[in-house]
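**Student:** Dumping the structure here so I can ask a few things about it.
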Amino acid sequence: MKVSLEQFDKAFENRIRLQVMSVLVANDNYDFNSLKDLLNVTDGNLASHLKALEKEEYIIVNKTFVGRKPNTQYAASQKGVDAFKKHLEALENLIKQQKY
Amino acid sequence: MKENDIYSELSSIRNLMERSTKFISLSGLSGIMAGIYALIGAWIAYKLVYTEDSGLLYRNVYVNDPLVWWPLFLVAAVVLILSLVTGIWLTIRQAKKKGENFWNPVSKRLLLSMIIPLIIGGLLILIFIFRGYYGIISSSCLIFYGLALISGSQFTFSDVKWLGFCEVILGLLAALLPGYGLFFWVIGFGVLHIFYGSIMHFKYNQ
C-alpha cells in the first residue's frame, strides 16, 4: 500500500538520520564515536548524515578536545526535537489510517 | 512506504532509544558469583567470631577485638574485590557477545551514578570504624549499597531498582536489630544476589 509522504520530514527520509535523531532525543548529548558504535556505520557515512542534520539546525554540534583527540558532542536542538516528534506523529497517523 | 516498513522503523527507533539510555550487558551470572563469594566470606567470618564448644554455639570474641577485627576486614575486602573483578569480567564478556562496546556513554553514566553513593557510604563507614562504632557497619553497607543500586538502576534494567530497595530495607532492619549483622549480610549480599542473579540470567540471557 503506497501512501503519501507529504507529512514526512525530508530530513528523516534516511534511516540513519532518523536513528541519530532518536538517540539524541533520548540523551542529553552523545559523542561521535559512541554514535558510530551504536549505529554500526562508517565514519564517513555518519559524518555526512550529521552534516545534513546540522544544516537543518536539528542538532547542535559542540567540538572540544580531550588531550589531542577531537571529541565532538552532538545534542538535539529544540527545532530537531519538534521535527522528530512531528515525524513520529505522522508515522503513527499512517498506521491508524491503514487500520480502517 | 509499506506498513511493515513503518513498524520496523518505529521498532528501530524504540530499540535505539532504549539501547542508548540503558546498559543491558549486565550479567546475571556475576550476581550469582558475588552471592556465592559473600556466602563463603560469611562462613569464614562466622568461624572467626563463633566457636563451637561442647555442642553449644556461642560468641567467644567480640567484633571490636583487633585480633578478630583485622581478619574480618580482610575477608570482607577479598569478597568485595573478587565480586568486582568477576562482575567486570563477565560484563565485558557479555558486551562482546552482544557486539557492544562495554565502555560507552551509558556504562559511564551507570558507573558514575553508582560510585557517588558508594564512595560517600564507604567514607562514612570508615569514619565510624575509626571512631569505634562497629555496630553500624553491617547496616550502613547494606543501605549505601542499596542506594547505589537504586541510583544506578535508571541506566540499566529496572529490576536492579528492586534489588536496591530490598538491600535498603534489610539495612534498616539490621540497624534495628543489633548483633545480627552477619545474618543480614548473608541475606543481603549472599542470598539476594544469588536470587536476583538467577532471575536476571533466565530473564535476559536466554
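Here is a yes/no grid of residues against (1) exposed (fewer than 14 other Cβ atoms within 10 Å of the Cβ); (2) in contact (Cβ under 8 Å) with a residue 24 or more places away in the chain; (3) not in a loop (DSSP other than H, G, I, E, B):
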position: A:ASN33; (1), (2), (3): no, no, yes
position: A:ASP37; (1), (2), (3): no, no, yes
position: A:GLU54; (1), (2), (3): no, no, yes
position: A:PHE65; (1), (2), (3): yes, no, yes
position: A:ALA83; (1), (2), (3): no, yes, yes
position: A:ILE95; (1), (2), (3): yes, no, yes
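**Student:** So which of B:PHE183, B:PHE202, B:PHE165 is part of a helix (DSSP H, G or I), within 28 Å of B:LEU16 (Cβ to Cβ) and open to solvent by 40 Å² or more (accessible area, probe 1.4 Å)?
**Tutor:** Answer to the selection: B:PHE202.
**Student:** For the stretch B:1-38, what are the residues that are more than 7 Å from chain A (Cβ to nearest Cβ), part of a loop (DSSP other than H, G, I, E, B) and surrounded by fewer than 16 Cβ atoms within 10 Å (Cβ to Cβ)? Before the answer, list the steps.
**Tutor:** Start the filter on the stretch B:1-38 by keeping residues that are more than 7 Å from chain A (Cβ to nearest Cβ), which leaves B:4-5, B:7-8, B:11, B:14-15, B:18, B:22-38.
Retained after the next criterion (residues that are part of a loop (DSSP other than H, G, I, E, B)): B:22-27.
Across the stretch B:1-38, the qualifying residue is only B:ILE24.
**Student:** Between A:VAL20, A:VAL25, which is in a helix (DSSP H, G or I), touching a Leu at 6+ places or on another chain (Cβ under 8 Å), within 14 Å of chain B (Cβ to nearest Cβ) and within 19 Å of B:GLU9 (Cα to Cα)?
**Tutor:** Working: A:VAL25 fails: touching a Leu at 6+ places or on another chain (Cβ under 8 Å).
Of the residues listed, the single one that is in a helix (DSSP H, G or I), touching a Leu at 6+ places or on another chain (Cβ under 8 Å), within 14 Å of chain B (Cβ to nearest Cβ) and within 19 Å of B:GLU9 (Cα to Cα) is A:VAL20.
**Student:** Could you check the stretch A:67-81 and list, in sequence order, the residues that are closer than 21 Å to B:TRP103 by Cα and either in contact with a Lys or Arg (Cβ under 6 Å, 6 or more places away or on another chain) or part of a helix (DSSP H, G or I) (or both)? Walk me through how you get there before you give the answer.
**Tutor:** Of the stretch A:67-81, the ones closer than 21 Å to B:TRP103 by Cα are A:67-75.
Within the stretch A:67-81, just A:THR72 meets the criteria.
**Student:** What tally of residues in the stretch B:71-101 results from selecting those that are open to solvent by 80 Å² or more (accessible area, probe 1.4 Å) and outside any helix (DSSP H, G or I)?
**Tutor:** 1
**Student:** Which numbered condition trips up B:PHE155, out of (1) in contact with a Leu (Cβ under 6 Å, 6 or more places away or on another chain); (2) open to solvent by 30 Å² or more (accessible area, probe 1.4 Å); (3) free of Cβ contacts under 8 Å to residues at least 40 places away in the same chain?
**Tutor:** Of (1) in contact with a Leu (Cβ under 6 Å, 6 or more places away or on another chain); (2) open to solvent by 30 Å² or more (accessible area, probe 1.4 Å); (3) free of Cβ contacts under 8 Å to residues at least 40 places away in the same chain, only one is false for B:PHE155: (3).
The rows are residues; the columns are (1) within 14 Å of the chain's Cα centre (by Cα); (2) closer than 21 Å to B:LEU163 by Cα; (3) at pLDDT below 90.
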site: B:ILE36; (1), (2), (3): yes, yes, no
site: B:THR51; (1), (2), (3): no, no, yes
site: B:LEU67; (1), (2), (3): no, no, yes
site: B:LEU74; (1), (2), (3): no, no, no
site: B:ILE88; (1), (2), (3): yes, yes, no
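The values are calculated or read from the model by the stated rules, or taken from the named source; none is laboratory data. Since the model is a prediction, treat every value here as computed from it, not as a measurement. Cβ sites come from the backbone with ideal geometry, for glycine too, and all protein chains shown count toward neighbours. We work out accessible area using only protein heavy atoms, side chains counted, and drop any ligands, DNA or RNA first. Shrake-Rupley method; radii C 1.70, N 1.55, O 1.52, S 1.80 Å.
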